[in-house]
Amino acid sequence: MKRLNLALLVVSLCAASLMNMVSITAQAPAAPPAAAPARRTPALVVLLVVDQFRAEYINQYGGEWTRGLRRLIDSGAYFRQAAYPYASTETCPGHATVATGALPRSHGIVANGWYDRATQRSIVCTTDLAKPVAIGGGDAYESHGPGLLRLPTLADELRNQSATGAHVVSLSLKARAAIAMAGHGGDTVAWLEDAGTWATSTSYGGSVLTKADAFVRAHSIERDYDRIWNLLRPAATYAFSDDGAAEQAPDGWTTKFPHSLSRPAGPDRIFVDNWRRTPFSDEYLGQMAIALGKDLGRGAGTDMLAISFSATDYVGHRFGPRSQEVQDTLARLDVTIGTLLDALDASVGRGRYVVALTGDHGVAPIPEQQTPFGIDAGRVVVADVQSAIEAALKGTIGSGPVFMTGSTEAGNNSSDVYFTADTLAKLQATPSARRAVTDAVERVAGIAKAYWASEAQSAGPGSAPDLRSIAQSYSADRSGDLLIVTKPYWVPGSGGTGHGTAYAYDQRVPVVLSGFGIRAGRYDESATPADIAPTLAHLVGITLPRADGRVLGEALIK
């Protein structure tokens, strides 16, 4: 009987155990679905170029940033010694260099504008036969396109090499920025014309861009007509004076805050010019990017969103890098970029996209603000340079037409001199005339050196640093016959300041990478903005045809 009871007990326990197992199995939740495979490439490449973004701004003014700029710098790979290695530190060459990974000698965009010997006229870097197309109503008048860009951009290769298709959106207030970043194609490539019309061209499809058109119609820039630009933070938190020496106030403004966008004649062309010179234009561009980019980064491939924020350049030329206007523009841009990144986090997913942040060039301090410190600074009178050349030639090879008609107004590149064919032939045959011209130019106030094109063509590792920089942005069929170097802190013009030299204040800009595949940190290795496209191409898994830059491998997660 005891053995029987024991057996019954064992059977009972086994049955109970079995029932418990059945119960547990029945109540257990279903196994979670298999996680989606991790992406090997970013869903979206975001290229942010801040026009006239001096490297020093991060240390000078960045302590007050709390949003987008701060996030990228703190969570990204920040190359603190990055600089352009060439002399033509201007908007068009800068954007083309960032986008192609090549230097101006390779991609052909040697300046914002130059004298075209073939057509015998001055042209801008986006001169193109493509027809303008208005966005958001009205008429477009300015003819722009990518025809003068000799290399494909990262965006071009992304579209060409993607097996699943890549969508590209490129936006800026400036045609030369939007076009250079996009290259030879793109879904939406848009810029603001001088008259205030948003535009694209037949180079990019030849039809009104539906999403861009809808945004512009719903968000006219004239809504800012009565807006007043005042300081974002308490005045005591800003460095320097609100009324620095030789600041150049735009029409209808003074050099002190506040700055009103109201105009007696209504929202006219001067209103458009002044609106560009406020942080409101960057804010508008950021909202446009959010609207047009909300569907990017959702496919199997990699899309691209490129934005060039122009307000810092428009403001900086007039008020200079030490102004409260520049500080406030950057403080507000920090908020604008923060809002953009928040939107991308929501639409693409934080960590699923990569961001590159840089500047297209720096800027010189206003000369009058340097001289109190005992620094040799001043203003070059371009007409004095021309007169010196004419006088030197008259005393050596005789009088006559010297400069190609219109070449002295060749875009922004006043450092290049283009001679008539007859004058150039005489100069090449008369070494004493060349020497006389060189000596005459170098005696002009503010001029450091003058080089002939042949010197730029033969420049090598042993050449003077400024000549090597000139050679990096020299193209025989586009650059001048005589190439002039100003002294440090000497700029042309009667007020404000400029850029376009091989000095560090023009060459040095931040390079920051953040997000997918990037190892955060501070890097002091040598770097240039030409390294951005090769690094992004490596992350995406595509090849650039000719890159002068390198892959910033030290900042990549292995």
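Read-outs: derived from the displayed coordinates by stated rules, not from any lab. Just so it is clear, the model here is predicted, and its values are computed rather than measured. Glycine gets a Cβ as well: all are built from the backbone with ideal geometry, and neighbour counts include every protein chain shown.
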Cα lying deepest toward the dipole's positive end in region 293-445, options ALA391, VAL326, ILE375, charges on Cβ: ALA391
Dipole of the chain, positive end: most advanced residue of ALA265, TYR505, ALA246 [Cβ charges, Cα centre]: TYR505
Ascending count of other beta-carbon atoms within 10 Å, so fewest first, for THR200, THR255, THR237, THR91: THR237, THR255, THR91, THR200
Whole-Hz couplings from phi, Karplus 6.51/-1.76/1.60, listed for region 122-139; x for Gly and Pro: 7, 10, 9, 5, 10, 4, 7, 7, 4, 8, x, 10, 6, 10, x, x, x, 10
TYR474 long-range amide H proximity, modeled H, under 5 Å: ARG105
Span-like helix ranges in the chain, DSSP H, alpha carbon extent 20 angstrom or more, Kyte mean at least 0.5: 2-27
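Could you put ARG159, ARG468 in order, starting from the residue whose Cβ has the fewest other Cβ atoms within 10 Å?
The fewest-first ordering by Cβ neighbours comes to ARG468, ARG159.
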Cα-centre dipole for region 388-510 with unit charges at Cβ (Lys and Arg positive, Asp and Glu negative), debye to 20: 240
Karplus-derived 3J(HN,Hα), 6.51/-1.76/1.60, for each residue of region 447-459, Hz, glycine and proline x: 9, 9, 7, 10, 10, 8, 4, 4, 5, 5, 5, 9, 4
Size of electric dipole in region 165-293: Cβ of Lys, Arg +1 and of Asp, Glu -1, about Cα centre, debye, nearest 20: 200
Other-chain or far-sequence residues with amide H under 5 Å of THR41's (modelled H): none
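Relative contact order for the chain: what is it in percent, counting Cα pairs under 8 Å that are at least 6 residues apart?
Details: 1184 pairs, mean separation 153.6, N = 558.
After rounding, I find 28 percent.
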Estimated 222 nm signal from helices in the chain, with DSSP H stretches of n ≥ 4 weighted -39500 (n - 2.57), rounded to 500: -10500 deg cm²/dmol
Positive-pole candidate from ILE290, TYR314, PHE419, dipole of the chain, charges at beta carbon: ILE290
Charge tally in the Cβ shell below 9 Å around SER106, where Lys, Arg are +1 and Asp, Glu are -1, SER106 excluded: +2
Contact order relative to length of region 121-260, as percent, for alpha carbon pairs under 8 angstrom and 6 or more apart: 23
Long-range amide H partners of ILE135 with built H, under 5 Å: TRP198, ALA199, THR200
Cross-link pairs LYS131/LYS174; LYS131/LYS294; LYS394/LYS426; LYS294/LYS558; LYS174/LYS256 - those with Cα-Cα distance over 23 Å: LYS131/LYS294; LYS294/LYS558; LYS174/LYS256
Footprinting exposure proxy for GLU90, GLU247 (fewest neighbouring C-beta atoms within 10 Å first): GLU247, GLU90
Rel. contact order, % - alpha carbon contacts under 8 angstrom, at least six apart, region 267-424: 18
For the chain, size of Cβ-based charge dipole, Lys and Arg +1, Asp and Glu -1, in debye: 1980
For the chain, alpha-carbon Rg relative to the globular expectation (2.2 N^0.38 Å, N residues): 1.18
